[in-house]
Structures are given as structure tokens and as C-alpha cells.
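Trainee: Before I ask anything, let me first share the structure, which is written out below as C-alpha cells.
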Ligand code: AMO
């Protein structure tokens, strides 16, 4: 006879506590984030995914039961025990911003200890103190498996989760199909030296720098595709904006008339992501003191050459960057400040990068072959996106690859895609950690990665 799974968790154990009203009875699972005992009872702060919940303990009324069902003293409770609390909801006004349920508390009449840590001396993630930011980050990342339990760090990744959900939700509503492309690849898509090599049986292969080839192939199949997946870059430098593994939110769409269609899509997408995050993360945004970015009806856009000129002529940079192939970091900060003051926008597009500076798949500008129909999107001083229109004719790919000394045969399947017909298309990629950091005004993108990978770190 077959066995059928009979879950012991009832739906009420996992119900959204937010819907509770004063007087309701509640049973909630969680980890003991903190416990403070007083003469009359005390407080048990329960940690849930959404944040903290305050339980009030009263000596005569609160019964504590251990793993074996025996009644024990309340002072057996210690931090990071897994417990279930039961009690009645009362109205409250709790000031601690880490408390998610600040309008209520639970008068706890029963605590069940479900499991306990090996020690009562667990790491207290609330009271970590360090002389400098670097030491603090190092400690946090070395112990990330535990320090993630700090409500602030939890909140950052909850916002990140909402960003990716808002991204997917909007694109699905616009007829996009979600794809999953391989991360073990035979050629790097973006060129350059920052590609990780890997042994694959008797061959040398690479970790994907981006799903670029596969998302373009996806357009030939589904017209509009997106992917949310890791991308790998062998960046040798340790900066506050580079990770060696990051989450790339990629979009590619067919039947475009120009790169403006793609830019327009990104504007609408960002607007919807911000709306989604505001609606789903009110508590997290408040805890992190975030001010949501402003997206005007139209995001200002400058050609790269125009932007260099503007910044230099207005004396907004220390150095003259006119004629350079890319934006200098001081320019990125300066143009963002400028558009914020002039147009109230936290975003600015920079377009028409020189062909030399962009990956080979970028479409050349028919009006000036030295330039490409490509763009970056900057937000609050940081590049969060690259994108543009791509070539769609096989002959153009061959020509450009040969010009660059690349061997088209190495990219056989990619070339064969264009040989078999492709619509005009374009797309972009947003770095999830960078977007999270920009929304939350967090200086180091590593804080927006669950387990950051950098030149010095592959564990935890
Ligand atoms: P690009 O190389 O500019 O473009 O990457 C797109 C976006 O990904 C993020 N990003 C990073 N984030 C953290 N650490 C890194 N080392 C890192 N590298 C990139 C940035 C960047 O804007 N295929 C193209 C996109 C396209 O044209 O569709 C590409 O990969 O936010």
C-alpha cells in the first residue's frame, strides 16, 4: 500500500501574520532573535522571514515546553533556538525599525522549543562593532552564513528578491518567455580577458560571462525572452562595484525598429520594478532608510561624445575626457548629479558608444560606422545596464569578426542562427546586485550578494 504524505504544518502556522487583528489567537514558528527576561516575565523577539515579531512573556502565564514535551523554566530559552510561540495578539506601537510587526505584539502563553543550537554563546549579529568599514565587511562576509540573520542584511536580500520578481512579472505581462541558458560554454560572449577557464573532461571551456548568444538565439524562437541567472567575470581587481559572480537580469526582444524601443521597454520595466518593490517591501525600505529613485516620464539621454563635452564645458569634472571611448567613473557620478538637479531623474542613458569599445554583436550606427547603436543606463552614479541593438545579418557578423581577428568558425552555432534567419532585435542586461545597491544607497555591491565572490573569497 502506498504511503501519503501528511504534513504536520497547518496553513495557519505559515499564514501572513500581517492580517492578524487584536484579540486573534496565533501560533507562529521562528528563531529566537533575542530574549530579555525581567522580574515579571520579559520579551521574546521572534525572527521571521519578514522581520521581527515581539512576544511578551508573563511569569504566571507563559508555559515553556522542551523538545521532549517536558515543562521547563523560561530561562531555558536562548538565542537562535527554533521555537513555536502561541498567544493572543495585542495592539502595540514598537519603535525598533527591525520589528516588522510594529503595530502588534503577542502575549505569549506557550513556547515550544523545537531545536536548539550547539551553544548558548551564538554569534550576536545585532551587536557587531568594528573600527572601520573594511574590517566590518570582512567579518560579515567571513561569517555570512550567520551574519545574514541580521535584520538589515535579511532586508537587503528581501528587496533583491522583490526586484527580480518585479522584473519577471512585468516581462511576463509583456509576452516574454523566461529561458535558462547554459553557464558552461565553449566561447566567451563579451570578449576580453575576464573569462574563467574550466576543465571539462578533456576540453577547456569557460564560465559564461553573459547569456548574450543564447538570449539572441531565443529571440529567433520566442520573439521576446528574459533570463535571471548568474554570470561570471574574472575581474582581477577588488572594487566596491565588481563581483566575480553576479546575477544578470537579461532581456532580448525581436522586431524592434531601433534601440529606442529597447530603452523604452527598460524605462517601463524599471517603473514597474520600483512599484513592485514599494508595494511588497514597505518594512524593508523603512528599515534600510531607502528613498525610492525618481523615474521621470522620459529618462534623459546623451550621446557619449555629447556627455563628455557637456561635463567638460560645464566644469563638472576634474579631467578632460573628451574623445575617450567610455565614461570615466568621475563622469558617471557627475552626469548623474547633473540630471538629478536639472531633470529630477535618478537615471540617465548614455548612447552611441564607439564600435571599438563595444562587443562585436553591437549594431553599427548607419550614420557613422565608428559608433554603435548601444547604450548604458546609469543610476545614482553607477552603470546598472548595458544594451543596444544587435546585428541580425550573418554577413555583418562575418565582416565584423574578421575585422577584429576573430574566427567565425569558433562561433559556429551562433553564426548559423543568423544564417537561418533572425528578426531585427536588441536587448539589455541589468546587474541585480548593482540595481539593489543603487535603490538602497548601499556603497558596496557585495552587500547585495547572498554569498559574494571576489578575488579573495570563494567561501562561505
Ligand atoms: P555588461 O558587460 O555591461 O553587458 O553587463 C551588464 C550589466 O551587468 C552588471 N555587471 C556586473 N555587476 C557586478 N559585477 C560585475 N563584475 C559586473 N559586470 C557586469 C552591470 C552591467 O551594466 N551582454 C551585455 C548586455 C547586453 O547588451 O544585453 C553585457 O553583459 O550592471
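Trainee: Suppose we filter 229, 234 for residues that are in a loop (DSSP other than H, G, I, E, B) and free of Cβ contacts under 8 Å to residues at least 60 places away in the same chain; which single one remains?
Mentor: The match here is 234.
Trainee: Oh, and also: Take residues that are crowded, with 24+ Cβ neighbours inside 10 Å and tell me which of the strands (runs of 3 or more DSSP E) falling wholly in the range 360-460 contain 3 or more.
Mentor: Where strands (runs of 3 or more DSSP E) fall fully within the range 360-460 and carry at least 3 residues being crowded, with 24+ Cβ neighbours inside 10 Å, they are 374-379, 382-390, 425-431.
Trainee: Something else about it: Only residues in the range 244-255 that are on the phi > 0 side of the Ramachandran plot and at pLDDT 95 or above count as the first member; pair them with residues that are part of a loop (DSSP other than H, G, I, E, B) and crowded, with 23+ Cβ neighbours inside 10 Å, Cβ under 8 angstrom, at least 6 apart or cross-chain, and list the lot.
Mentor: none
Trainee: Among residues belonging to the range 81-101 that are without any contact (Cβ under 8 Å) to a residue 60 or more places away in the chain and either under 17 Å from residue 22 (Cα atoms) or crowded, with 21+ Cβ neighbours inside 10 Å (or both), point out the one that is nearest to the chain's Cα centre (by Cα). Give the steps one after another, and end with the answer.
Mentor: Taking the range 81-101 and keeping what is without any contact (Cβ under 8 Å) to a residue 60 or more places away in the chain, we get 81-83, 85, 92-96, 99.
Next, from what is left, pick out any that are either under 17 Å from residue 22 (Cα atoms) or crowded, with 21+ Cβ neighbours inside 10 Å (or both): 81, 83, 85, 92-94, 99.
Details: 81: 30, 83: 30, 85: 33, 92: 33, 93: 32, 94: 29, 99: 23 Å.
Among those that are without any contact (Cβ under 8 Å) to a residue 60 or more places away in the chain and either under 17 Å from residue 22 (Cα atoms) or crowded, with 21+ Cβ neighbours inside 10 Å (or both), it is 99.
Trainee: Okay, next question. Report yes if some residue within the range 221-234 is under 19 Å from the mean Cα position of the chain (by Cα) and near the ligand (Cβ under 8 Å from one of its atoms); otherwise report no.
Mentor: Within the range 221-234, one or more residues are under 19 Å from the mean Cα position of the chain (by Cα) and near the ligand (Cβ under 8 Å from one of its atoms).
Trainee: Tell me which residues, restricted to the range 416-454, are closer than 20 Å to residue 377 by Cβ and within 9 Å of the ligand (Cβ to nearest atom).
Mentor: 426, 427, 428, 429, 430, 431, 432, 433, 434, 435, 445
Trainee: Another question, if that's okay. Evaluate the range 194-216: report whether one residue or more is out of contact with any strand residue (DSSP E or B) (no Cβ under 8 Å at 6 or more places or on another chain), on the phi > 0 side of the Ramachandran plot, within 14 Å of the ligand (Cβ to nearest atom) and modelled with pLDDT under 95.
Mentor: Taking every residue of the range 194-216 in turn, none turns out to be out of contact with any strand residue (DSSP E or B) (no Cβ under 8 Å at 6 or more places or on another chain), on the phi > 0 side of the Ramachandran plot, within 14 Å of the ligand (Cβ to nearest atom) and modelled with pLDDT under 95.
Trainee: Sticking with this one: Tell me yes or no: at least one residue of the range 311-332 is under 22 Å from the mean Cα position of the chain (by Cα) and touching a residue at least 12 places away in the same chain (Cβ under 8 Å).
Mentor: For the range 311-332, residues under 22 Å from the mean Cα position of the chain (by Cα) and touching a residue at least 12 places away in the same chain (Cβ under 8 Å): present.
Trainee: Checking residue 290 against (1) part of a loop (DSSP other than H, G, I, E, B); (2) within 16 Å of the ligand (Cβ to nearest atom), which test does it fail?
Mentor: Of the numbered conditions (1) part of a loop (DSSP other than H, G, I, E, B); (2) within 16 Å of the ligand (Cβ to nearest atom), the odd one out for residue 290 is (2).
Trainee: Then there is this: Here are the criteria: (1) closer than 30 Å to residue 133 by Cα; (2) within 14 Å of the ligand (Cβ to nearest atom). Tell me which single one residue 360 does not satisfy.
Mentor: Unmet condition: (1).
Trainee: Please state which one of 372, 385 is within 11 Å of the ligand (Cβ to nearest atom) and touching a helix residue (DSSP H, G or I) at 6+ places or on another chain (Cβ under 6 Å).
Mentor: 372
So that you can scan it fast, the table gives a plain yes or no per residue for (1) surrounded by 22 or more Cβ atoms within 10 Å (Cβ to Cβ); (2) part of a strand (DSSP E or B); (3) within 13 Å of the ligand (Cβ to nearest atom); (4) free of Cβ contacts under 8 Å to residues at least 12 places away in the same chain:
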| site | (1), (2), (3), (4) |
| --- | --- |
| 163 | yes, no, yes, no |
| 169 | no, no, no, no |
| 172 | no, no, no, yes |
| 191 | no, no, yes, no |
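Trainee: From 125, 120, grab the single residue that is more than 28 Å from residue 391 (Cα to Cα), away from the ligand (no atom under 16 Å from the Cβ) and without any contact (Cβ under 8 Å) to a residue 40 or more places away in the chain. Give the derivation first.
Mentor: Details: 120 fails: without any contact (Cβ under 8 Å) to a residue 40 or more places away in the chain.
Of the residues listed, the single one that is more than 28 Å from residue 391 (Cα to Cα), away from the ligand (no atom under 16 Å from the Cβ) and without any contact (Cβ under 8 Å) to a residue 40 or more places away in the chain is 125.
Trainee: Give just the number: which of (1) within 12 Å of the ligand (Cβ to nearest atom); (2) touching a strand residue (DSSP E or B) at 6+ places or on another chain (Cβ under 7 Å) does residue 258 not satisfy?
Mentor: With respect to (1) within 12 Å of the ligand (Cβ to nearest atom); (2) touching a strand residue (DSSP E or B) at 6+ places or on another chain (Cβ under 7 Å), residue 258 is out only on (1).
Trainee: With 260, 245, 284 as the choices, which residue is surrounded by 14 or more Cβ atoms within 10 Å (Cβ to Cβ) and under 30 Å from residue 195 (Cβ atoms)?
Mentor: 245 is the lone residue from the list that is surrounded by 14 or more Cβ atoms within 10 Å (Cβ to Cβ) and under 30 Å from residue 195 (Cβ atoms).
Trainee: Being at positive phi and within 25 Å of the chain's Cα centre (by Cα) is the filter here, so list the residues in the range 333-361 that pass it.
Mentor: Across the range 333-361, the qualifying residue is only 344.
Trainee: For the structure I just gave you, tell me whether residue 299 is part of a loop (DSSP other than H, G, I, E, B), within 16 Å of the ligand (Cβ to nearest atom) and at pLDDT 95 or above.
Mentor: Yes; evaluated as a whole, the condition is true for this residue.
The values are calculated or read from the model by the stated rules, or taken from the named source; none is laboratory data. Source: prediction; values computed, not measured. In this analysis, Cβ positions are derived from the backbone assuming ideal geometry, glycine residues included, and neighbour counts consider all displayed protein chains.
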